[in-house]
Structures are given as C-alpha cells and as structure tokens.
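Just below is one structure, and these are the notes that go with it.
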Amino acid sequence: MIVITKNPHPLERLVSRKKLFQGQALRCLLWSAGGSIVLCLMLVFGWLLASVLVDDGQLELTAAEFNQLQAIASPYEIPVDPEVSDSVELADRGILPAVWRARTCVCGKVLAAAHGRIEALQRNSSAVTFLAVMIGLSGALCAMMYSRGRTCAMREAVGITTAQRRAVHRQTLRLAPSALPDHRNGELRTLFSSDMDQLQEGLYYWTLRWAREPVKLLLLAVLAIATGPIVAGSVMLLLLGSWLLIAWQKQQGRALRALGKSRAEEKLRLLAESLNTTRLVRGYGKEMEAFEDEQFQQHLAQLSQETTQWMRQDWVQRWGLSMLAAFVGGVVLMFVGNQILNPARAFSLPSAILLILAIGCMHVPLRNLWNLPRDVADGARVSARIENYLARTPHVGQAVGAKFLQPMAKSLIFDNVVFEGSDHELLLNGCSFQVKAGTQVAVVSMDPWEARTVAHLLPRFIEPKSGQILIDGEDVAWVTLDSLRAEAIMVSARDPFFTGTVLENIRCGDTHYSLQDVTDAAKLTHAHNFILKLPLGYETVIGEHGEQLDPGQVFRLGLARAILRDPALLIIEEPEESMDEGAKSLLDDAYSRIRPGRTIIYLPHRMATLRRADEIIVLHKGQVAAMGNHAALVKSSSIYAHWEYSNFNTFRHEVEAKT
C-alpha cells in the first residue's frame, strides 16, 4: 500500500494547528474570536439602526399577526391605542418592526426580550441614540480585542524566535568554532539577525491569521445567512466565485509583469553595454560607429517594444478585472433589489444592508488567507534554513572513552596532517613538525590561513582530514575536549570581548577565580594599569554599550584571560594593527613574564616576536618549507625572505601607501 504524506509548511512545524490552542496562540484565538463576535454585534446594531430609520418604528399587522406579536413579545406588554380589529397600525415603536421580521430567526426571541427589557429600544428617538452609542462602543471594544489578539500573536512569534535564536546559539557552540575562511560565518550572522526578524514577522502573520480569520469568516457567514438563507447563499456563492477568479487573475498578472520587467531589464543591460565601447568604436572609425549605432537602435526598439507590451497586458488585465467586478456588483445589486421589491420574500432594505456589510467584512479575512503564503514566504525560507542548520552534526566530537590529557611536558608533534577548507582547498597537505616543550615557536606562511589552521587544530576547533597531532605522545583526537582546551589555549587579536565588566570578561563565568587571581593575571600581562584608569576599574562595562578599548588593550586583556587559567600550551595570534612604542614594549615584557613553564606558539605580526622565537616554522603550500631562527632563515630560505620582505619592508609599505 502506498501512503502519500503531505509535507507540512515550514512555519506550521513551529506553530501547528494544535499549538493554536496553547499559550499565547490560544489567547490570540480567544481575543480574536471575541473581537469577531463583537464585530457581528456591531453589524446587528447597525441593522437595527437602519430598521428604525427606514421603518420609522411603524408596523401594520392583521389581527392574527398582532396576536402572534403579543405571544412573541410576552410577557412584555405592547400598549395599543385603537381597539383590535382587522388590522392594527403601530407607530413610534423603535425596533419592534425588526423584532417582527426576525420572529422566525434564532435571534428573534433575543431581540424580543431586548425590546421588552430595554425601554430605550421601544421609541424611535431613544432607539437611534442607544443604537448609535452601542455601535461606537462595540467598535471600540472590537478594535481593543483585535489589538490584544495581535499583541498575543506577536508575543507568540517573539517567543518562538527567541527559542530559535537560543537553539542556533547552542548549535553554534556544538559545531566547530573556526575563524578560517568560510562564507557560512557571514550567513550565520545574517541568519541570527535579519533572517530571524523575517522569521518573527512570518510567524506573527501565520499565528494571527490562522487564529483570527477562519473564526471571523465563519461568524460573518452565519450572520449573512441569518438575513435570508436563499438570498445570502446565492449572493455569497456568486461573489466568492468572482473573488477567487479575480484573485487568481491578479496573481497571474503579477507573474506576467515580473516576466515583462525581466525581459525589459535584459534589453536595458544590452544598451548599457554600449556605454563601455566608446573607445573601441572611436578606434575603428566610421564603419564601427555605424555598426554600433545600428545595434544600439535595434536594442532600443526592442526595449521599447518589451516595455510597451507588458504595460499593455497589464492595462488590459486591470481593465478586464474592473469590468468584471462592476458587472458582478451590478448583478448582486439587481438581485438583492428584486428580493426587496418582492413582497413574497419578506426581504427588507435593512436586511439587505446587513447582508452587504457582512459580505463586505468577509473580504479582508479572505484576502489575508489568500495572501498568507506570499506574506510568510520569507519567514518560511528562513525557517527551512534554520532547520537545515540545526540538523548539522558537529565535525569535532569527543571520542567514547577519551582520556584526560596531562599538561604538556615533552613535545608537540604534527604527523603528516592534512586539512581541507570549506572550498576544498588544501590548507595543510602532509604537514609535519615537532616542537619541544618549553620553547617559543613562530609559525608563518605566505597564505595566513595556513598558519591559522595550525593554531586552530591544536585545541581541536577544527578536525584534520588525516594525520595525527600528538601531545606527549597522546593523539589529541582521543583525549577529552575539556582537558585539551584547558591546557591548549588560543589568544587571538581577532577574539572579541563581550559586553560586560572587565572582571566578567577575564573570568568568563568561572567564579572560583578570586579578584586577586584576576588582578595578578592582569598585572602579569600589563593590563592592570589601564584597567585601573577606566571609570570603575574592574567593574567598568566594556563592549558595544560600554567603554571602548584599543587593539593593544584588547589583546592584553585576552592574554590575562588565558594566563588566569595557567595553560601549558599557549597559542598567540598577534594584532595586525600597528601599536605605539609604549604598547610594544609592554607587550614584549608581558611575553617575557608569561614564558616560564609553558610552550608558546606565535602567529607573529611584529619583527620583535620573530627575533624572540627559538624556532620559526615556515609553511608553504600546506607543508613545512623551512625551520630555524630568524637570522638563519633570512639567509637560507627564499620563501621566508620573501615573506619577511612582504610583511616588514618599510620601503614596500611606503610605495603601497602612495599607490
């Protein structure tokens, strides 16, 4: 047996039909239903007001009909001046004519009871005043209820969007953190910000319209049918068919206009290309100029033809739809007018007014439901992208039975490591080297992403395609992530600091570090002095909405954050921005202070750091091209000499500045 299943709408997976009866969505449904009920009451009040104005409270009945009216109005006495004979004429009776006409309807007894209990409805002038006031009050109450429904729908949308942002944040932490070149990083920021706003808007419309419009349509349809089932049914079927035809034609018209505009834009691009051929045309003389002018005139004529064609089609369609709407409206008015004039139908002018108002009010919910797929299209696409992102599995995970890594005491080994970037470019291709514990090593490369790949592989922010990374003989792929990242900490000038106090930025949520511990780490990296100069010292808020720090201060703050945790292996990517001499000397002294007892790997951007390193590893095309200290490599390695010239030669930078 073949089972055909319909894939739910992406937004329906977030706000299903069942969820419309829960939480804020349920409140939206209740407020919207209440508003729709009040809207129907307002239309009923309008019908009664029209009845009073049209009938003037007059009613002429036969004796039998009068007795029937007495039974309907019982136990409310209807005073009659003349003696009951073959006919009875009643005047200035307020809504009594409407009560009589509605005697066979479900609401007839309710109207009769209202007429008997509310004295204001028993006389024309007081009935007009009372009904006008009730129309105003019910209109205000309807607007208030719909507003509360919109508020609940927005709260539902905000709540779901917040949950999605939280899920994306958790997923981002699960996935491999990387500063390597990856277009998905920009996509992630867009997904978290502007795309989430589109999702919120789509969820708002989805929740509001499904909670409000079906109930509103149902109540208005019931009210319209109550005026006269045959008349109302005939009119609604005719108008609904016409409305669907017009809506479909409008949708087709939008597609045709888009197609016509795209064709016109294509011709316009061809015309714009001629503006770039001026030198070529002038260079080849009059024959070329005549040929180019002929081409230009041909494309210009085609552009004019395409533009005129789609504009003519648009005009014809709009004219046709207008004629159709006018024709259908005329047919409806003629049909309703004949029903009013037909005494056998007992269909009054106030009932016709109520029918037209009820059907007119149905236009907005019908239009909203029809346009709902288009209005939530952006939100649906974002929802699908979020689902795809949340379905990704992390590239880096902790192996079952992983060991606890002890602090590095012997060596770090890269053994034939291969790493492939997101664009399938080999950043490392059989990279092998060894670093002794307690040494300072600089890693440089013509492609800076190769050196950064080495730095990100050490704490396992990313995973190699093949090869091994060994710390004291232990493969880092088989140790716990917590123990590895506690002993191999990366400090990068690219690392942002979050909005919070200086103390919070250094502690990073680990409150077992005391203020004295934080202060000692800041002193070691020469961050303590500039922190004390901030308005509130360690309690100063920094970040987007707080104090702003220069690149050197941000970097030393990052060093303090890392040194507080006392790692055995420290990876340092220096700032690319230039620093003054004072900041440079403070940084050099900080390096000297933090060196004892740990291995340091630099991604250098200063000559002083290169000279400080015990050994420099030169990477080229994903492999180790040379190793040695600065003085030796300048003489022995052409690749390193070229890299050093490209990054530190003063004359080259002066030439680039001038050009």
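The values are calculated or read from the model by the stated rules, or taken from the named source; none is laboratory data. None of these values were measured; they are calculated from a predicted model. Please note: Cβ atoms are built from the backbone with ideal geometry, for glycine as well, and neighbour counts cover all protein chains shown. These area figures cover heavy atoms from the full protein model, side chains too; ligands, DNA and RNA do not enter into them. Shrake-Rupley method; radii C 1.70, N 1.55, O 1.52, S 1.80 Å.
Results, tabulated for the structure shown:
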read-out: Test item: Cα-centred dipole of segment 194-259, Lys/Arg +1 and Asp/Glu -1 on Cβ, debye; value: 260 debye
read-out: Across Lys533/Lys584; Lys436/Lys621; Lys18/Lys216; Lys584/Lys621; Lys109/Lys216, pairs whose alpha-carbon gap is larger than 28 Å; value: Lys584/Lys621
read-out: Sequence-distant residues sharing a close amide H with Val396 (under 5 Å, placed H); value: Ala176
read-out: Among (i) 28; (ii) 34; (iii) 53, the entry derived from the coordinates for percent of Cα pairs over 45 Å apart; value: (iii)
read-out: Rg/Rh for segment 496-616, where both radii come from Cα atoms and Rh is the Kirkwood radius; value: 0.95
read-out: Rounded FRET efficiency, nearest 0.05, which uses the C-beta distance separating Val222 from Arg392 and R0 of 45 Å; value: 0.35
read-out: FRET efficiency, 1/(1 + (r/R0)^6) with R0 25 Å, evaluated for Asn342 and Ala113 via beta carbons; value: 0.25
read-out: Rounded to 5, the percent of DSSP beta bridges in the chain classed as antiparallel; value: 55 percent
read-out: For Thr501, residues with placed amide H under 5 Å, excluding near neighbours; value: Ile542
read-out: Unpartnered cysteines - no second Cys beta carbon under 4.7 Å - across the chain; value: Cys40, Cys105, Cys107, Cys142, Cys361, Cys431, Cys508
read-out: Theoretical gain in end-to-end length, Ala91 to Leu26 [0.36 nm per residue, Cα-Cα removed]; value: 18.6 nm
read-out: Full-stretch length increase - Met311, Ala140 - with 0.36 nm per residue and alpha-carbon distance subtracted; value: 57.2 nm
read-out: Ranked packing of 311-322, 551-562, most packed first, by mean Cβ within 10 Å; value: 551-562, 311-322
read-out: In nm, spacing of pseudo-spin labels at Arg174 and Leu61 (7 Å Cα→C-beta vector); value: 7.4 nm
read-out: Modelled FRET efficiency - R0 35 Å, Thr129 with Leu240, Cβ distances, 0.05 increments; value: 0.40
read-out: The chain: relative contact order in percent, alpha carbon pairs under 8 Å with at least 6 residues between; value: 13 percent
read-out: Separation of the Phe192 and Ser636 label points, Cα + 7 Å toward Cβ, nm; value: 4.5 nm
read-out: Amide H contacts of Ile572 (H built 1.01 Å from N, under 5 Å, at least 5 apart or other chain); value: Val491, Ile601, Tyr602, Leu603
read-out: Per residue accessible area of the chain, 1.4 Å probe, in Å²; value: 54 Å²
read-out: Residue-wise HN-Hα coupling along segment 429-438, computed from phi with Karplus coefficients 6.51, -1.76, 1.60 (Hz; x: Gly, Pro); value: 9, x, 7, 9, 6, 9, 10, 6, 4, x
read-out: For peptides 400-410, 45-55, sequence by mean Cβ density within 10 Å, most packed first; value: 45-55, 400-410
read-out: Asp447-Leu515 pseudo-label distance in nm [points 7 Å out on the Cα-to-Cβ vector]; value: 5.0 nm
read-out: Whole-angstrom gap from segment 89-125 to segment 413-491, using each part's C-alpha centre; value: 89 Å
read-out: Contour minus Cα-Cα distance for Leu349 and Thr162 (0.36 nm per residue); value: 62.1 nm
read-out: Helix runs (DSSP H) in the chain reaching 30 Å along axis by Cα, Kyte-Doolittle at least 0.0; value: 23-55, 124-174, 194-226, 229-273
